[in-house]
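The values are calculated or read from the model by the stated rules, or taken from the named source; none is laboratory data. Nothing here was measured: the structure is a model prediction, and the numbers come from that model. Because the Cβ atoms are built from the backbone with ideal geometry, glycine has one as well, and the counts that use them run over all protein chains shown. Keep in mind that these areas ignore ligands, DNA and RNA; they rest on the heavy atoms of the full protein, side chains included. Shrake-Rupley method; radii C 1.70, N 1.55, O 1.52, S 1.80 Å.
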Amino acid sequence: MTEALQKNAAKLGIDVFSGFLAIEILKTKNAVCGLLCIEKKSGELVSFKCSDIIMATGGPAGIYADRVYPECHTGTTSLALLAGAKAQNLTEWQYCLASVAPRWNVSGTYMQVLPRFVSVDENGTEYEFLSEYFDNLYEALSMVFLKGYQWPFDSKKVLEGSSVIDLLVYRECVLRKRRVFLDFTKNPFNMDKIEYEKLSAEAYDYLKKAQALFGTPIERLIKMNEPAVELYRSKGLDITKDYLEIALCAQHNNGGIAVDMWWQTCVKGLFAAGECAGTHGVTRPGGSALNAGQVGSLRAAQYISQNGNTLISDDTFEDILSKAEKAHKEQLEKISKAYDNIDELISKAQRRMSDNAAAIRNKANMEKALKETLTDIADLSKTAGVSDKSKLYTYYKLKDILITGSAVLAALIDYADTVGDTRGSSLYFDKIGKLRQGLEEIFRFTEENGATRSKVQETYLSEGDFKCIWRNVRPIPSAEDFFENVWRSYRENRNIY
Ligand SMILES: Cc1cc2nc3c(=O)[nH]c(=O)nc-3n(C[C@H](O)[C@H](O)[C@H](O)COP(=O)(O)OP(=O)(O)OC[C@H]3O[C@@H](n4cnc5c(N)ncnc54)[C@H](O)[C@@H]3O)c2cc1C
């Protein structure tokens, strides 16, 4: 899809500037007037004077350690927030079981062939941890099978359903500090032969129809979906022999930067399209992310073509630019040191978010994480060090991860304070909530009663802090449908208003 779009842009003669990281949206009053970037290779600041910007920087994946996004896709949501845009539904994400090296979703047949789930502690001792939880091992296998298409983590499927598998993986990785792997080479629980008829009817019927009531998980996978084995081989891992490391990973941000029906933010001339825009909500139908990206960018382009923001004069722009450049140069001078520690600081920030602010959310832990994040932001110029100009841009990645992380934490804490019910792809700890029998207290939660579905949480920067408010859901706009009026309006403004 992106290759086709790129070819089309080349055909239309659109200039593409590659190798730059956008670091600040330049504004005059509450409107866009340009963009400041850092050239990655040289570490030089480069500016663009422009009247409109469409941000398409992806979900803020970089805030998490456990994520299934491609490595370089970290997002830059803080850029819009620092420019005065609001975010909405920042609490709503999708988390799923995914392999971590290489990164890939382990949905579908990877689960339906019933692999062994193995955790390994720091001494190298292995545990088939599902058997600790399930008295009936065939129930465990039936849940693993269901995970194939009951995906991603869904709080509605915790009490009765396959999302308990995600919780058990989380418990191994985060609470017990073990690594978790899928092993396709042997059947689970030392079963020489699986008695398939003891599986749930759904799992048994499916595997029977797929002619896969035999052998080991890898033999079943080769029978049902050989390309799934090839896929990992093409990425350097042979799952016919090797363990596949997995975790409960961030997969999609359903919230993001708040936009109107033309995908414009509350900053004039600043648009957000694709995953960085908060256009989904608590749940998201599969496949809708790519469509939403195309719709949003088209709507933004249509609006700009009719009602674009005005370009400011060169003199005013120079004035704004020189102030911004001076501030960035001062920051870069402070962090230019004899040592490099950005990667380390990024890993620390990401681990904190995955452990405290991902699928499992405990208010006390999130408050502690926010406090630590704010301290890291305040100390950034003292602690961060970059020794090489070509790595200066990574400082901005770290800064974004911390600032966006603090916005997400503020939203999560506000949600825990004001609502607290579990919904979507996350679970809010509640001392008096329901407990899936056999799991520790951390997994207690109260199911959503639906009362908040008519409200949207917005997060914005005010006097240096992220604050949250709740607004009513906006009604779906109703279009004029009398032909003469639609035709006249089309001639006047292409129905873009
Ligand atoms: C494993 C996986 C499977 C998925 N499967 C599906 C699916 O089947 N169907 C579906 O609809 N969706 C799917 N999604 C979701 C979908 O792929 C994403 O939502 C979508 O690709 C986001 O596209 P985007 O263009 O908004 O952002 P991205 O594709 O993330 O692109 C953002 C770009 O912006 C660049 N960037 C970021 N910050 C800056 C900056 N400051 N300066 C310059 N450049 C910057 C990044 O380097 C990147 O190139 C999947 C996601 C994952 C992770």
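Restricted to the stretch 254-271, and to residues that are touching a helix residue (DSSP H, G or I) at 6+ places or on another chain (Cβ under 6 Å) and outside any loop (DSSP other than H, G, I, E, B), which residue is nearest to residue 153 (Cα to Cα)? So, considering only residues that are touching a helix residue (DSSP H, G or I) at 6+ places or on another chain (Cβ under 6 Å) and outside any loop (DSSP other than H, G, I, E, B), the one nearest to residue 153 (Cα to Cα) is 256.
If you go through the stretch 101-121 and keep only what is away from the ligand (no atom under 16 Å from the Cβ) and surrounded by fewer than 17 Cβ atoms within 10 Å (Cβ to Cβ), you end up with 120, 121.
So which residues in the stretch 264-274 are within 23 Å of the chain's Cα centre (by Cα) and open to solvent by 40 Å² or more (accessible area, probe 1.4 Å), if there are any at all? Spell out how you get there, then give the answer.
First, pick out the residues of the stretch 264-274 that are within 23 Å of the chain's Cα centre (by Cα): 264-266, 270-274.
Scanning the stretch 264-274 gives a single hit, 266.
Being surrounded by 13 or more Cβ atoms within 10 Å (Cβ to Cβ) and at pLDDT 95 or above is a description that applies to residue 247. State all residues of the stretch 1-43 that are more than 13 Å from the ligand (Cβ to nearest atom), over 17 Å from residue 269 (Cα atoms) and in contact (Cβ under 8 Å) with a residue 60 or more places away in the chain; if no residue qualifies, say none. Answer for the stretch 1-43, where residues must be more than 13 Å from the ligand (Cβ to nearest atom), over 17 Å from residue 269 (Cα atoms) and in contact (Cβ under 8 Å) with a residue 60 or more places away in the chain: 41, 42, 43. Scanning the stretch 200-210 for residues that are among the small types (Gly, Ala, Ser) and under 27 Å from residue 435 (Cα atoms), we see that the one that is surrounded by the most Cβ atoms within 10 Å (Cβ to Cβ) is 203. Evaluation of residue 91 against the conditions (1) modelled with pLDDT of 95 or more; (2) away from the ligand (no atom under 12 Å from the Cβ); (3) within 29 Å of residue 310 (Cβ to Cβ) shows that the sole unmet condition is (3). Screening the stretch 439-458 for residues that are outside any loop (DSSP other than H, G, I, E, B) and of a type in the set (A, V, I, L, M) and picking the one that is farthest from residue 423 (Cα to Cα) gives 442.
Yes/no per residue for (1) open to solvent by 20 Å² or more (accessible area, probe 1.4 Å); (2) in contact with a Phe, Trp or Tyr (Cβ under 6 Å, 6 or more places away or on another chain); (3) within 16 Å of the ligand (Cβ to nearest atom):
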{"site": "389", "(1), (2), (3)": "yes, no, no"}
{"site": "398", "(1), (2), (3)": "no, no, yes"}
{"site": "404", "(1), (2), (3)": "no, no, yes"}
{"site": "412", "(1), (2), (3)": "no, no, no"}
{"site": "429", "(1), (2), (3)": "yes, no, no"}
{"site": "443", "(1), (2), (3)": "no, no, no"}
{"site": "449", "(1), (2), (3)": "yes, no, no"}
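Scanning the stretch 364-371 for any residue that is open to solvent by 30 Å² or more (accessible area, probe 1.4 Å), touching an Asp or Glu at 6+ places or on another chain (Cβ under 7 Å) and assigned by TED's automatic domain parsing to the domain that holds residue 421 turns up nothing.
So that you can scan it fast, the table gives a plain yes or no per residue for (1) under 20 Å from residue 278 (Cα atoms); (2) open to solvent by less than 100 Å² (accessible area, probe 1.4 Å); (3) part of a loop (DSSP other than H, G, I, E, B):
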position	(1), (2), (3)
460	yes, yes, no
466	yes, yes, no
471	yes, yes, no
476	yes, no, yes
491	no, no, no
496	no, yes, yes
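Taking the conditions (1) open to solvent by 20 Å² or more (accessible area, probe 1.4 Å); (2) under 25 Å from residue 439 (Cβ atoms) in turn, residue 233 satisfies each one other than (2). Looking across the stretch 448-479, the residues that are over 26 Å from residue 377 (Cβ atoms), out of contact with any Ser or Thr (no Cβ under 7 Å at 6 or more places or on another chain) and not small (Gly, Ala, Ser) come down to 449, 452, 453, 455, 456, 471, 474, 475, 476, 477.
For (1) open to solvent by less than 50 Å² (accessible area, probe 1.4 Å); (2) charged (D, E, K, R), each residue gets a yes or a no:
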| site | (1), (2) |
| --- | --- |
| 123 | no, no |
| 138 | yes, no |
| 155 | yes, no |
| 164 | yes, no |
| 167 | yes, no |
| 172 | yes, yes |
| 185 | yes, no |
| 191 | yes, no |
| 198 | no, yes |
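Would you call residue 416 open to solvent by less than 60 Å² (accessible area, probe 1.4 Å), of a type in the set (Gly, Ala, Ser) and in contact with a Phe, Trp or Tyr (Cβ under 7 Å, 6 or more places away or on another chain)? It is true that residue 416 is open to solvent by less than 60 Å² (accessible area, probe 1.4 Å), of a type in the set (Gly, Ala, Ser) and in contact with a Phe, Trp or Tyr (Cβ under 7 Å, 6 or more places away or on another chain). Could you tell me whether the stretch 75-84 includes any residue that is closer than 30 Å to residue 227 by Cα and surrounded by 21 or more Cβ atoms within 10 Å (Cβ to Cβ)? No, the stretch 75-84 has no match at all.
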